[in-house]
Amino acid sequence: MSDLNRDVVDLVWGKQSTGVSASLFRRWTQGFVFSETERSALEQFEGGPCAVIAPVQAFLLKNILFNRESSNWRDVSEEEQRTALCSTLAEILESACGGRGASFCLATWARGKGSSDVTDIPDSPPEPESSRPADAQQQLPSEAALAAEELGFERFHSMVHKRTLKTVAELKESVLSLYDTWRNKFGVLLFLYSVILTKGIENIKNEIEDSTEPLIDPVYGHGSQSLINLLVTGHAVSNVWDGDRECSGMSKRALHLFCLQQVRDQACRLVELCHCLLDVGSLLKSPKFPIWILGSETHLSVFFGKEMSLVAPESPSEQARRVFQTFDPEDNGFIPDTLLEDVMKALDLVSEPEYVNLMKSKLDPEGLGIVLLGPFLLEFFPDQDTGIPDSFPVYHYNGLKQSNHDEKVSYVEGTALVLGFEDPMVRTDDTPIKRCLQTKWPYVELLWTTERSPSLN
């Protein structure tokens, strides 16, 4: 199986990878293609590859919004597209690399047997085989061979060539030289394999919770949480909370303090799935740049802004809210008064029994046996400014054409209003995207410039 050994393919597609359906494989065969209507937005043709495309889009936005001199971030030239995409891909590969002394790997096309040259699938039809020289007919694979057939799963993997690079400078130069490859039919898969080869199969298996579970679901074609975490943070852990947890007697690994600095340096973080099956930790919700990946049951999209104050360090009141909510796992907005002492200790507040009992009486004057979040914050953290503006412009990206107005991939603009728990609520809607964002800003309201709210699916 060429330079791409069976272990890599099995890790991605499962042990029964030879039985991957043609339709599922086809959904993953696309390149990184920019939208004609939104020059910095990538298009996704079918469901599945959002697990790669959405993280790449998030890092791409970070590089365009915050690492580019021009103020008109939506006016991107073709050369800037090329530079930004290749810088983004190289950055993700650097994140996946094991550190000093480790090498980088790129999965590319091989022109012919024994050749390390790289080629792409041409757009034009091939010349008839009989009209080509005999030696050209025997070369495998060649541009004509690649274009002459609809490549199947096994045929594709037999043509992949691995290129090893020693330095970051070599990596950046090679990624840039392969721009047409990333844009072409198999660009997304070739980049995915590049990340996996760079990270190392054994490293991924050591981080993933169940190494028998493939990175791509063999039935529905969705990328796993481990795959998403690998692209976002460089770590292929399977969960999204902070640190490790015990669940039904089993240890569950997630983002730990050892990768806190790396997490803070990345571009985007996962917010809870809108149906609240995942409890996402503060490490993933607190990026260095105001760009977040949003998850629905079936798809990933990107929510972002340009206000750096949105990612300011956590204020004492925000910390208090987070700690309080760890004692309120069902998100009821209150805790039993028996847990008040534990919350106060966790926040380094005065927690002598006499004082705690006094606070119980004050926070629960009717003797209901509960302490509400709002009065608790008002009592211990009054009038604290989080630094987040009351309103700020926001944008949402969904790469699927059918999820966009007129099937044209473009950003949906809006305004976010962040209210306090004591403020009168300005109800705008109850859409999945707002419920998703409320896991980060509990009292956020969204006003979109379009007639309908953007879709998470």
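Each value in this text was obtained by applying a stated rule to the coordinates, not by laboratory testing. Predicted model, so just to flag it, every value in this text is computed and none were measured. Heads up, the Cβs are rebuilt from the backbone with ideal geometry, glycines too, and the neighbour counts pull from every protein chain shown.
Legend: distances between Cα atoms for K166/K205; K62/K434; K62/K205; pairs beyond 27 Å are K62/K205. The order of the peptides 27-36, 366-375 by mean Cβ neighbours within 10 Å, most packed first, is 27-36, 366-375. Between the C-alpha center of segment 296-362 and that of segment 12-60 there is a gap of 37 Å.
For I201 and R74 in the same chain, what is the full-extension length gain: residue separation times 0.36 nm, less their Cα-Cα distance, in nm? Please report the intermediate quantities before stating the final value.
On the way: separation 127, 0.36 × 127 = 45.72 nm, distance 3.79 nm.
Answer, rounded to one decimal: 41.9 nm.
Can you put W292, W448 in order, fewest other beta carbons within 10 Å first?
Values: W292 25, W448 18.
Neighbour counts put them in this order, fewest first: W448, W292.
Put in line by how crowded their Cβ is, counting other Cβ atoms within 10 Å and starting with the fewest, H405, H222 read H405, H222.
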